[in-house]
Amino acid sequence: MDAHFLGIPELVETPSVAVVVDVMRAYTVAAWAFAQGAEKIVLAESLDEALALKARHPDWVALKDGPHAPGFDAVNSPGLLRSVDLTGRTVVQKTTAGTVGALAVKEASLVLCAGFVVAEATAGLLRTRGCDGVTFVVTGEDGRADEDLACAQYIAARASGAATDATDATGFLRRAGASRAAAELTQGVRQGVHPDDVALCLELDRFPFAMVATSEDALMVLRPYPAPAPTDGDRATA
């Protein structure tokens, strides 16, 4: 598989297949939202759009980065979201980097959103689709966030059929745990944080689904996609 790793500012053309990676915390939060029963997640262009969607659909759950704010129901924290019952609900998500990255590649034929918690399911879907060329969008720090790059590189290795098991993932997870984002979350530099957020973002393959974003009624909508069953080739390299 031909993998390219680009920051959002480097996206000069629309890729065919894109994997948008935001480990800390957008797509860890999205995965937890689905685990808590959410039906779909609408990726908002701006805070104003998120609030407008919430105003039109009062039963939707709006969340954002940072501290709690009027009009929003939740913040972008897996530790805080994991206790919220979202059964059958629609979530509107707006974050600093993750949602921006997905909207930047919305014209791609396949858009996946990922973190370590859905790494193997994401890689499995890429293998099943036979994707020869994949652009990994490293959303944090204009493409320099090591937690996102490490996750992207791990998924790329798994998607290529490399013999990368959970033990081999240790180095990638260590890099993420030593990242600037992890330090800022741990030290309280960022707001709207739960003490367990970093640990939850580093849970490898916590959930058995990938997350696919598609255009629905002019909105970018994220939905869970069940992990494909492993093939004999996958078992041989696992």
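The values are calculated or read from the model by the stated rules, or taken from the named source; none is laboratory data. None of the values given here were measured: they were computed from a predicted structure. Cβ sites come from the backbone with ideal geometry, for glycine too, and all protein chains shown count toward neighbours.
Quick grid of which residues meet (1) surrounded by fewer than 21 Cβ atoms within 10 Å (Cβ to Cβ); (2) more than 19 Å from L200 (Cα to Cα); (3) of a type in the set (V, I, T):
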{"site": "L53", "(1), (2), (3)": "yes, yes, no"}
{"site": "P58", "(1), (2), (3)": "yes, yes, no"}
{"site": "K64", "(1), (2), (3)": "no, no, no"}
{"site": "G71", "(1), (2), (3)": "yes, yes, no"}
{"site": "L86", "(1), (2), (3)": "yes, no, no"}
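Only one of the numbered conditions (1) closer than 22 Å to E49 by Cα; (2) buried (at least 20 other Cβ atoms within 10 Å of the Cβ) is violated by A123, and that is (1). Criterion first (without any contact (Cβ under 8 Å) to a residue 24 or more places away in the chain and either of a type in the set (K, R) or over 16 Å from T28 (Cβ atoms) (or both)) does D132 satisfy it? Taking the combined requirement at face value, the residue does not satisfy it. Condition check: at pLDDT below 95 and charged (D, E, K, R). Does E13 satisfy that? Considered against the rule, which asks whether it is at pLDDT below 95 and charged (D, E, K, R), E13 comes out as yes. Among the helices (runs of 4 or more DSSP H) confined to segment 13-127, the ones with at least 1 residues that are under 24 Å from E184 (Cβ atoms) and either among the hydroxyl-bearing types (S, T, Y) or within 15 Å of the chain's Cα centre (by Cα) (or both) are located at 26-35, 78-81, 98-104. Considering segment 24-51, and only residues there that are without any contact (Cβ under 8 Å) to a residue 60 or more places away in the chain and closer than 25 Å to R144 by Cα, the residue that is surrounded by the most Cβ atoms within 10 Å (Cβ to Cβ) turns out to be A44.
Put simply, of D148, D142 the only residue that is of a type outside the set (K, R), at positive phi and in a helix (DSSP H, G or I) is D142.
If the condition is being hydrophobic (A, V, I, L, M, F, W, C) and in contact with a strand residue (DSSP E or B) (Cβ under 7 Å, 6 or more places away or on another chain), then segment 58-79 contributes W60, V61, A62, L63, F72, A74, V75.
Contact annotation: residue pairs with Cβ atoms under 6 Å, 6 or more positions apart or on different chains, pairing a residue in segment 1-23 that is touching a residue at least 60 places away in the same chain (Cβ under 8 Å) with a partner that is of a type in the set (G, A, S) and in a loop (DSSP other than H, G, I, E, B), are M1/S160; T14/A108; P15/A108; S16/S109; A18/A108; D22/A97; V23/G115. Screening segment 154-225 for helices (runs of 4 or more DSSP H) wholly inside it with 2 or more residues that are without any contact (Cβ under 8 Å) to a residue 60 or more places away in the chain and more than 16 Å from T122 (Cα to Cα) returns the ranges 170-177, 180-186. Quick one: F136 ticks every box in (1) part of a helix (DSSP H, G or I); (2) modelled with pLDDT of 95 or more except a single one, so which number is it? Answer for F136: the failing condition is (1).
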